[in-house]
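Take a look at the structure below.
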Amino acid sequence: MLLFVEQFLNGLQFGLLLFLLAAGLTLVFGIMDLVNLAHGSFYMLGAYFAATFTALTGSFIGGVVLALAATLLVGMAVEVIAMRRLYRRDHLDHVLATFGLILFFNELVRLIWGPAGMNLTLPSWLNTSVEILPDVQYSMYRLSIIVVALAVAIALYLIVMRTRVGMLIRAGASNREMISALGINIKLLYTFVFGVGAALAGLAGLMQAAILTAQIGMGENILILAFVVIIIGGIGSIRGAFIAAIFVGLIDTVGRAFLPDLLKLALSPAAAATAAPALSSMLIYLVMAIILVVRPAGLFPAPGSR
Amino acid sequence: MTDALLRVDGLTKRFGGVIASEGVALEVANGELHAIIGPNGAGKTTLIGQLTGEIAPDSGRVHFAGQDITTLPTYRRSAIGMARSFQITSLFLDMTVLDNVALAVQAHSGHSFRFWTPARSETRLREPARAALARVGLGDRENVVVRDMSHGEHRQIEIAMALATRPRLLLLDEPMAGMGPEESARLVNLLRELKKEYTILLIEHDMEAVFALADRISVLVYGRVIATGAPATIRVNPEVIQAYLGEQQVAGHG
Amino acid sequence: MMPALTLRNVVVALLLLMLFLVPVYAAVIGNNFVLSLFTRIVILAMAATSLNLIMGYGGMVSFGHAAYLGIGGYVVGILAYEGILSGFLQWPLALLVSALIAFVIGLLSLRTRGVYFIMITLAFAQMIYYVGVSLNRYGADDGLTIYRRSQFGDLINLSNKTVFYYLCLVLLLASIYLVWRLVNSRFGMAIQGARSNDRRMHAIGFPTFRYRLTCFVIAGTICGLAGVLLANHTDFISPAVMHWTRSGDLIVMVVLGGMGSLFGPLIGTVAFLALEEWLSGITEYWQIIFGPLLLAIVLFARGGIDGLLAGIRRD
């Protein structure tokens, strides 16, 4: 029971991280019809920025705020320099161009910060545990990830559903002609949405960096998971991304936690320990493949999307 | 009528709450040119989709040459002699005209699990394709890439590809869409010729062309066939006049 | 028919001549590295050629093509590890397994279109990648060393690097020839028609799914053979070969050279690996140049190198 609660929360936490990553991806995909493989690079940059700025300012919060601002700026710059030239191209071009960006950012990080990776040290007030249930301790930091990510998710939902900007974003996702017919400065909106998406990815990256480390290529595997999330959730749908992210996070974490015990029934403990993470990773792709076989356009296809 | 080549009974299709076809009944006799007209939003596109197998009806049957084809996939319908043209030009834009039409011939010349012989040197494919092109007046354009041709020529290729499948029924979906008066007139002449050899189901907005060509006309309004008959009777049918006047009024307000 | 003396044909001819002379050059300067590099180029060009068949001609953008490199390699590696060294067993089995897996993946994936197809092929490749990672007995993450290359009795000795290079080159040319025959056959016309306008194909009477699936299987099998060669070349196989970024590399090679052109993938692979060698000679951080270069190619040279040589740009 205790283990289960902890693993459930870990799964929730991972799912929420995935949501932060997927939110920007699905908005950019839905509105600009752009497949952005380099989204994982913002995740990585967020982590490196946070580690650097925290060390520089000596304040965790200060470091995080600066890191978010920096990722936002990098995202907007990338949009202005490269992405906006790609919107009308086909998906293959997107894949290629943003693949090039991944190589660029990985190498840039190696050039600036070196190949070794960086630690993001938590302040002591985060580096504790709290009693969430009688006799159940849980990491304060993971708990705050859950709270922050949930807050961001709610804020994002409110912005997209309740504000004028959100209305434009939704209109853009379902009907690109309409939004330009309204005479909105669409270029600026795109740059803004792209930048915010990058900052959200950066937020996910820096939060993860405190648990693991900031590493080159850290965005690559999780990016693919984020794609799984938006495919399952339906391209362009924030709500779908949220549900799918929690779902994927839980499968991944719970699978990793409980598959070894299940596998031990059939395999040697050592073999089970290696096979379990691989199998639970596979499980997610299996779920996505099944969903696509049954519903070739995802579970909740956005209206008007192709 | 037992010699109907195409018979449609009670075809019904809803999209959510919108009824696109409601109990559509239609018979196209062998050798006839049967036209379908109707105001915008009458459900012509949905009807075509159901005839060609791209849209599955909720209920009703489609019979072709005495065979129930309601659930037959699109490519099988082509195999048994149903050919169509598209309202919005739908060609292989990156290929030459001759390659376009030769593909239509190839589809009806056995399977395509032939991996070795160059298809472009098979006279069995090229000659019938050239004949179809000559038929629509594009005999001298065979090596032009389709993308580089005019809209009017695209419409002609549409028909050539349909002809190249050696069909028993030609399903022409607004073949005159977007054509100038001169091109339209030429196409009317072509259809008049084709009418002698093929059974044709013509969906068309150009009333002049329809009344000049059709043996019989069915009028589709709000997914229902409100009248079927010879052009002369359709022209004076009060319900038809009402439907078209209604459309004009709507258009006037919009 | 005599090929015309165009810039593109001259470049291809020179490239082929160069490929034939590589072992001579390597022997003269006594540098084994060149031979090893070009063996790798030739093998990857074969993989790229197979990807071009589905992507360039068939319009099926598979983002999981590197999986077949791993499948072919792992069949060789696992059999070798279990003491089965005969190439007469290893190779056909590797091709068979590649074909079967391609069949299953294709059967399930080809129902989807566009970006969903890209993503579902990626998902399947990721599954296969994680199978590799979970192969505890065969090195899991760390991979599996292959101590002896495939044995073909007295027929051919793969341990001789020059012999192995020429074998790879012949198989590459055979693959290109095969693709050439395929794309010009009725089958190829059907495949290209389905890329161009699948709806129209159905309307004129083609059941395109079976042709596209067959094409997918052929490409997977050719790439499986490239995997067999790669494992024999490096004497090693690991899941890293199947990482999704390797599939990305293959796409880059095809597009760099020119999609839907016969020698494009070869040109692209040579350019890709030569650039890698050259740039990494200039700076340790060579991808900082290579990445933006890719972006520039997408933005400004969409026909790839082949398109530039032919003087036409695809729009």
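If I take R0 = 30 Å and measure r between the Cβ atoms of A:Arg85 and C:Leu21 in this structure, what FRET efficiency does the formula 1/(1 + (r/R0)^6) give, to the nearest 0.05?
The formula returns an efficiency of 0.15 here.
Annotation: aspartates and glutamates with alpha-carbon distance below 18 angstrom to A:Lys187 (same-chain offsets under eight excluded): A:Asp33, A:Glu79, A:Glu177. Here B:Lys13 is the anchor, and the lysines within straight C-alpha reach of less than 18 Å, apart from those fewer than 8 places off in the same chain, are B:Lys44. Each Lys or Arg adds one and each Asp or Glu takes one away; over the other residues whose Cβ falls under 14 Å from the Cβ of C:Arg111, this sums to +3. Taking the 0 to 90 degree range and rounding to the nearest ten, how far is the long axis of helix A:2-32 tilted relative to the main principal axis of chain A, both from C-alpha atoms? Approximately 10 degrees, to the nearest ten.
With +1 assigned to the C-beta of every Lys and Arg and -1 to the C-beta of every Asp and Glu, and no other charges, what is the dipole magnitude of chain A about the Cα centre in debye, to the nearest 20? Write out the running numbers ahead of the final one.
Values: 16 positive and 12 negative charges, 165 e Å.
Using only the charged Cβ atoms, the result is roughly 800 debye.
Using the Cα centre of the protein assembly as shown as the reference point, and only Cβ charges (+1 on K/R, -1 on D/E), how large is the resulting charge dipole? Debye, rounded to the nearest 20.
Numbers: 61 positive and 53 negative charges, 137 e Å.
Dipole of the protein assembly as shown, to the nearest 20 debye: 660 debye.
Among residues other than C:Asp235 with Cβ under 9 Å from its Cβ, the summed charge is +2 (Lys and Arg +1, Asp and Glu -1).
Between the residues C:Met189, C:Tyr130, C:Phe236, the greatest Cα displacement towards the positive end of the dipole of the stretch C:35-242, with unit charges on the Cβ of Lys, Arg, Asp and Glu, is found for C:Met189.
Indicate the gyration tensor shape class of the stretch B:91-166 (rounded, prolate or oblate), computed on the Cα atoms with a ≥ b ≥ c the square roots of the eigenvalues: a/c under 1.5 is rounded; otherwise a/b larger than b/c is prolate and the rest oblate.
Values: a/c = 1.93, a/b = 1.60, b/c = 1.21.
Taking the square roots of the gyration eigenvalues as a ≥ b ≥ c, the stretch B:91-166 is prolate.
Summing charges over all other residues whose Cβ lies under 15 Å from the Cβ of A:Met44, with Lys and Arg as +1 and Asp and Glu as -1, gives -1.
Would you compute, from DSSP H runs of 4+ residues alone, the mean residue ellipticity of the protein assembly as shown at 222 nm, taking -39500 (n - 2.57) per run and dividing by the full residue count, rounded to the nearest 500? Show your work: numbers first, answer last.
Details: 33 runs with 552 residues, N = 875.
Taking each H run of at least 4 residues, the total per residue is -21000 deg cm²/dmol.
Compared with the dominant Cα axis of chain A, that is its longest principal axis, helix A:218-233 is turned about 70°. Taking the average, over residues, of other Cβ atoms within 10 Å as the packing measure, peptides C:226-235, A:117-126, C:290-299 rank C:226-235, C:290-299, A:117-126 from highest down. To the nearest ten degrees, helix A:60-81 and the longest principal axis of the Cα atoms of chain A are 40 degrees apart.
Bridging of A:Lys264 to lysines at a Cα separation below 24 Å is possible for none of them, once same-chain residues fewer than 8 apart are set aside. Once the dipole of the protein assembly as shown is set up with Lys and Arg at +1 and Asp and Glu at -1 on Cβ about the Cα centre, which of A:Asn10, A:Tyr285, B:Gly43 lies farthest towards its positive end? With unit charges placed on the Cβ atoms, the residue in question is B:Gly43.
Once a ≥ b ≥ c are taken as the square roots of the eigenvalues of the Cα gyration tensor of the stretch A:48-187, is the result rounded (a/c under 1.5), prolate (a/b larger than b/c) or oblate (a/b not larger than b/c)? Oblate.
Between A:Gln215 and C:Ser280, the modelled label-to-label distance comes to 2.0 nm, taking each label 7 Å out from Cα in the direction of the beta carbon. Each label point was placed 7 Å from the Cα along the Cα-to-Cβ direction; for C:Val10 and B:Ser121 their separation is 2.8 nm.
For the protein assembly as shown, rounded, prolate or oblate, judged on the Cα gyration tensor with a ≥ b ≥ c (square roots of eigenvalues), a/c < 1.5 rounded, else prolate if a/b > b/c? Taking the square roots of the gyration eigenvalues as a ≥ b ≥ c, the protein assembly as shown is oblate. Ranking A:Tyr87, A:Leu120, A:Phe99 by how far each Cα lies toward the positive end of the dipole of the stretch A:72-128 (charges on Cβ) leaves A:Tyr87 at the top.
Values of log10 I(q)/I(0) for chain C across q = 0.10, 0.12, 0.16 Å⁻¹ run -0.56, -0.82, -1.45, by the Debye formula with one identical scatterer at each alpha carbon and no solvent. Counted over the protein assembly as shown, the DSSP beta bridges are approximately 60% antiparallel.
About its Cα centre, how strong a charge dipole does the stretch B:101-189 have in debye, to the nearest 20, once Lys and Arg get +1 and Asp and Glu get -1 at the Cβ?
Working: 12 positive and 11 negative charges, 96 e Å.
About 460 debye.
If you take each beta carbon of peptide A:105-111 and count the beta carbons of other chains within 10 angstrom, what is the mean? Before the final figure, lay out each step's value.
Values: counts 3, 5, 9, 4, 0, 4, 5.
Partner-chain Cβ atoms within 10 Å, mean over residues of A:105-111: 4.
With r defined as the distance between the Cβ atoms of A:Ala273 and A:Leu3 and R0 fixed at 22 Å, what FRET efficiency is calculated, to the nearest 0.05? Don't skip to the answer; put the middle values down first.
Details: r = 16 Å, r/R0 = 0.74.
With R0 = 22 Å, the Cβ-Cβ based efficiency is 0.85.
Shielding by partners for peptide C:282-293, expressed as the average number of C-beta atoms from other protein chains within 10 Å of each residue's C-beta, is 5.
Calculate the FRET efficiency for A:Thr121 and A:Leu143 from the Cβ-Cβ distance with a Förster distance of 22 Å, rounded to the nearest 0.05. Walk me through the intermediate numbers first.
Details: r = 18 Å, r/R0 = 0.83.
So the FRET efficiency works out to roughly 0.75.
Short-range pairs are left out: with C-alpha atoms under 8 Å and at least six residues apart, the relative contact order of chain C is 31 percent.
The numbers here are math on the coordinates, done by the rules we state, and not lab data. Predicted model, so just to flag it, every value in this text is computed and none were measured. All Cβ positions, glycine included, derive from the backbone under ideal geometry; neighbour counts span all protein chains shown.
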